[in-house]
Amino acid sequence: MQRHHSARIQVISLLSVVLAGGLAPLARAYAIETKKPDTPANVAAGQHKLPPETLGDIFMARGEYEAAINAYRQAPQTSAAVWNKMGMAWQHLYAIDEAKRDYERALRVRPKYPEAINNLGTIYYAKKNYKKAIKLYRRALKLLPRSATTYNNLGAAYFAEGKYKQGAREYGRAFAINPSIFGQATFQGVTGTQSTAGLAEMNYCLAELFAQSGQYERAIDYLRQALDEGFGDHRKLKSDHAFAGLRRTAAFELLMKEEKIR
């Protein structure tokens, strides 16, 4: 029972989508090095020493999203990056409509802004309008073709639609660009809902990707999750070329014994 509970926690993070257009490295470093770069009260009063966008980035890095929004509001309203970040802050607060409004404001300033387009796609994903989300992700990829973030989100939308082959293809593209994309904490205030079959297919796909890259421990973890969620094509499991190396490991043999697969 404990094993299944742990697997479900991991699955929840994978069902999430990733926002784009994050914090400046300098602001992130400053947030780490200083305990209290400023206070929300001083931000509201305009009594701070750093530029508003930088200050907002620091509050974002610290998870103080309301303070971040207050800081960004003092930045120039002609900055698409600021509107996008403000949308991200709203999204962390689960304020989906406010986030959508600010992403759209960013795109009015800069129509060809792939990060804001990706983020607007996550809004439609949250609203379960997967067709619209997919359209926006594809639009973002035309502008920024090597975005693991957007390929990840596109794959998640396809899985949510039950289009498992397309979802696996886009996850493969995300993995090829940045293998760590699936190891990051991707929860950003937006999660998708999947059928049990969808979860099984998604985790089986990830098991294949990690097995092919030689990361057998991760592959076993995702394969176990797939089986826990009801993946039942044992013939495919025993013949899948992606698991050629994995099948020679003791961990795979043990998993087959645990699941009583012969």
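The values are calculated or read from the model by the stated rules, or taken from the named source; none is laboratory data. Just so we're clear, the structure is a prediction, and the values are computed from it rather than from any experiment. Ideal geometry is used to build each Cβ from the backbone, glycine not excepted, and the neighbour counts take in all protein chains shown.
Collect the residues in the range 64-84 that are in a helix (DSSP H, G or I), within 20 Å of residue 109 (Cα to Cα) and among the small types (Gly, Ala, Ser), keeping them in residue-number order.
Within the range 64-84, 71, 80, 81 meet the criteria.
What do you reckon, is residue 49 more than 27 Å from residue 128 (Cβ to Cβ) and either assigned to a loop (DSSP other than H, G, I, E, B) or in contact (Cβ under 8 Å) with a residue 60 or more places away in the chain (or both)?
yes
Would you say residue 32 is aliphatic (A, V, I, L, M), assigned to a helix (DSSP H, G or I) and modelled with pLDDT of 85 or more?
Judged against the criteria, residue 32 is not a match.
Which one of 121, 167 is assigned to a helix (DSSP H, G or I) and farther than 16 Å from residue 91 by Cβ?
Answer to the selection: 167.
Conditions (1) in a helix (DSSP H, G or I); (2) surrounded by fewer than 23 Cβ atoms within 10 Å (Cβ to Cβ); (3) out of contact with any Asp or Glu (no Cβ under 8 Å at 6 or more places or on another chain), marked per residue:
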residue	(1), (2), (3)
86	yes, no, no
91	yes, no, yes
115	yes, no, yes
128	no, yes, yes
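Exactly one of (1) free of Cβ contacts under 8 Å to residues at least 60 places away in the same chain; (2) within 24 Å of residue 205 (Cα to Cα) is unmet by residue 126. Its number?
Just one mismatch for residue 126, condition (1).
Of everything in the range 51-91, what is among the charged types (D, E, K, R) and under 22 Å from the mean Cα position of the chain (by Cα)? Give them in sequence order.
57, 62, 64, 66, 85, listed by residue number.
Given the options 172, 63, name the one that is at positive phi and surrounded by fewer than 24 Cβ atoms within 10 Å (Cβ to Cβ).
The match here is 63.
Using beta carbons and a limit of 6 Å, which pairs, at least six apart or on different chains, have the first residue in the range 65-76 and within 12 Å of residue 90 (Cα to Cα) and among the polar types (S, T, N, Q) and the second one modelled with pLDDT under 95 and not in a loop (DSSP other than H, G, I, E, B)?
70/43; 70/44
Filter the range 93-102 for residues that are in contact (Cβ under 8 Å) with a residue 24 or more places away in the chain and in a helix (DSSP H, G or I); which is surrounded by the most Cβ atoms within 10 Å (Cβ to Cβ)?
Among those that are in contact (Cβ under 8 Å) with a residue 24 or more places away in the chain and in a helix (DSSP H, G or I), it is 99.
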